[in-house]
Structures are given as C-alpha cells and as structure tokens.
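Read through the structure below, which is laid out as structure tokens, and then see the notes.
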C-alpha cells in the first residue's frame with residue numbers, strides 16, 4: 001500500500017495536534033500514555049525566538065522518525081499511536097480540545113500530490129479528526145529549503 005519513494009514528494013511528515021482548553025498539556029501526556037514530540041503552555045517561551053506561546057499545545061510528529069515520502073505511512077503511524085485511545089480522544093474533545101492531524105508535504109516537481117486511503121478516512125472519521133495538508137512547492141526561495 002505504501003510507496004516510500006513517492007515520486008512527486010520531496011519530503012513529508014505528519015503531526016497530531018491537540019489544542020486543549022481546560023486540560024494542561026502535561027495531563028494529556030498522562031491520559032494518553034504517549035510522550036509528545038513537543039508541548040507548551042500558554043505564556044511559555046517557544047524557541048528559537050522565545051516568544052511567549054499564545055495557546056496550550058500538545059503534539060506528536062513523525063518528523064525525524066519516519067523516512068518515507070508517502071504521507072500514508074506517516075498518517076498510519078500517528079493513527080496507530082492512538083489506536084485504542086478513542087474514548088480518551090473523545091473525552092478531550094468533549095472538554096473542548098480541538099484535535100486534528102496536519103501533514104506537511106513538499107512537492108518534488110509541482111505535479112501530483114499526497115494520497116490518503118479509504119481506510120485512513122474511516123479511521124480519522126471514527127476519531128472525529130480533521131486532516132489538513134500544508135503543501136509547499138520546492139523552489140530556491142521557499143522557506144522550507146533554509
């Protein structure tokens with residue numbers, strides 16, 4: 001099902017984002033039993049510029065963990081990480097947390113695009129998760145090449 005050398009993609013990764021309202025980001029770590037890639041509380045300095053965070057955030061990313069250029073592999077990795085935790089995801093949503101998945105996707109040649117499978121659509125829908133793509137085109141002036 002995966003094409004790890006996805007010809008139209010130069011680089012990709014996916015991130016599960018949880019924006020809690022009444023739950024501390026550290027409590028999300030405890031409740032999900034998953035150590036996040038990154039988390040911060042509102043007001044904490046965010047590197048590298050140390051600007052204060054405007055919101056609470058908890059996230060788990062495939063960046064640096066999955067080498068595939070197929071976004072489906074990254075999405076499945078995150079879905080597998082929260083497998084069996086649907087009740088906890090729903091509980092966080094009921095408490096007001098916004099939970100979504102983001103997929104960074106850098107085009108190799110400006111043609112084609114990322115793919116998600118019907119099974120992934122069902123899994124995302126079952127968790128009431130949005131999936132959005134952050135798509136870039138590879139050119140010399142792109143900020144992703146810095």
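Tabulated values for the structure
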read-out	value
Mean separation of Cα contacts under 8 Å (6+ apart) over length of the chain, as relative contact order %	32
Overall dimensions of segment 18-63 by Cα: Rg and Dmax, Å	10.7, 30
Relative frequency of Cα-Cα separations exceeding 16 Å in segment 69-125, percent	51
Residue of 22, 98, 73 that the Gaussian network model of the chain assigns the largest fluctuation, springs spanning Cα pairs under 10 Å	22
Over the chain, equivalent-ellipsoid semi-axes from the Cα gyration tensor in Å	27, 21, 12
Helical mean residue ellipticity (222 nm; -39500 (n - 2.57) per DSSP H run of 4+; nearest 500) of the chain	-7000 deg cm²/dmol
Estimated inter-spin distance, residue 30 and residue 83, nm [label 7 Å along Cα→Cβ]	2.8
For segment 90-108 and segment 66-82, distance of Cα centres in Å	14
Angle between the chain longest axis and helix 71-81 axis [Cα atoms, degrees, rounded to 10]	20
Distance in nm between pseudo-label sites at residue 44 and residue 111 (7 Å out along the Cβ direction from Cα)	4.5
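Computed from the coordinates by the stated procedures, all read-outs in this text should not be read as laboratory data. What you are looking at is a predicted structure, and each value in this text was computed from that prediction instead of being measured. Because the Cβ atoms are built from the backbone with ideal geometry, glycine has one as well, and the counts that use them run over all protein chains shown.
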